[in-house]
Amino acid sequence: MPTSVLVVSDTHVPQKAKAVPGVVWTAVERADVVVHAGDWTGEPLLDEFEARARLLIGVWGNNDGDALRARLPEVARTTIEGVRLAVVHETGAKEARERRMDRDFPETDLLLFGHSHIPWDTTTPAGLRLLNPGSPTDRRRQPHATYLTLTLDAGEVRDVVLHELPVAARDRTGVLPHPRMTT
């Protein structure tokens, strides 16, 4: 049975953003599985994700303190719909990333990661799919804040969509209109 997955990372609430955009919360509540690849920076945000997500898979990031590290692993691994999934915050420099991840995650089909705030989608020589959702709250040098959705079904990763949140559309409530979808 197809499983819908929402992937976010680097939310940095409340340090860099006051809140997660409303459109992301809507996507959280619709997804079968929610993955957060670290740098939450606030324990109340983890509590809110746990309350809203049907199933949450999360890891801690380099900006997460002791309280979050006590509740979350550095690396999370699971199998969903026949896809061997791993989540980690950091993968190191983009140079030679594919070779390093083949070495570090040999029994993995899909590796979700964060840290750079830069969306990433590549496949390694061994066939490992690498995805970074960027950040829905701190776009840094990127033109848009972003998050990912995808479907896991019968051992395949399908329907990967990078959702762009329009920068100018943000209002005082932090609620954004529905994002423009890209592939």
Query raised in the report: Could you say which residue among R69, R54, R77 is on the phi < 0 side of the Ramachandran plot and assigned to a strand (DSSP E or B)?
Result: R77
Requested in this report: Looking only at the range 1-11, count how many residues are in contact with a helix residue (DSSP H, G or I) (Cβ under 9 Å, 6 or more places away or on another chain) and not β-branched (V, I, T).
Outcome: 2
Report summary line: When P14 is run through (1) surrounded by 14 or more Cβ atoms within 10 Å (Cβ to Cβ); (2) touching a residue at least 24 places away in the same chain (Cβ under 8 Å), the failure sits at (1)
Query raised in the report: Counting only residues that are in contact with a Gly (Cβ under 9 Å, 6 or more places away or on another chain) and charged (D, E, K, R), how many does the range 36-54 have?
Result: 3
Report task. For the range 1-11, name all the residues that are surrounded by 15 or more Cβ atoms within 10 Å (Cβ to Cβ), touching a strand residue (DSSP E or B) at 6+ places or on another chain (Cβ under 6 Å) and either part of a loop (DSSP other than H, G, I, E, B) or not polar (S, T, N, Q) (or both). Result -> V5, L6, V7, V8
Report task. Give the residue that is nearest to the chain's Cα centre (by Cα), with candidates limited to residues of the range 103-126 that are of a type in the set (A, V, I, L, M) and within 12 Å of H89 (Cβ to Cβ). Result -> L112
Query raised in the report: Based on what the data block shows, is T124 surrounded by 15 or more Cβ atoms within 10 Å (Cβ to Cβ) and hydroxyl-bearing (S, T, Y)?
Result: yes
Report task. Filter the range 54-93 for residues that are among the basic types (K, R) and either in contact (Cβ under 8 Å) with a residue 60 or more places away in the chain or touching a Ser or Thr at 6+ places or on another chain (Cβ under 8 Å) (or both) and give the result. Result -> R77, R84
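Values quoted throughout were computed directly from the atomic coordinates according to the rules given, and no laboratory measurement underlies them. None of these values were measured; they are calculated from a predicted model. For neighbour counting, all protein chains shown are included, and Cβ atoms are generated from backbone atoms with ideal geometry for every residue, glycine included.
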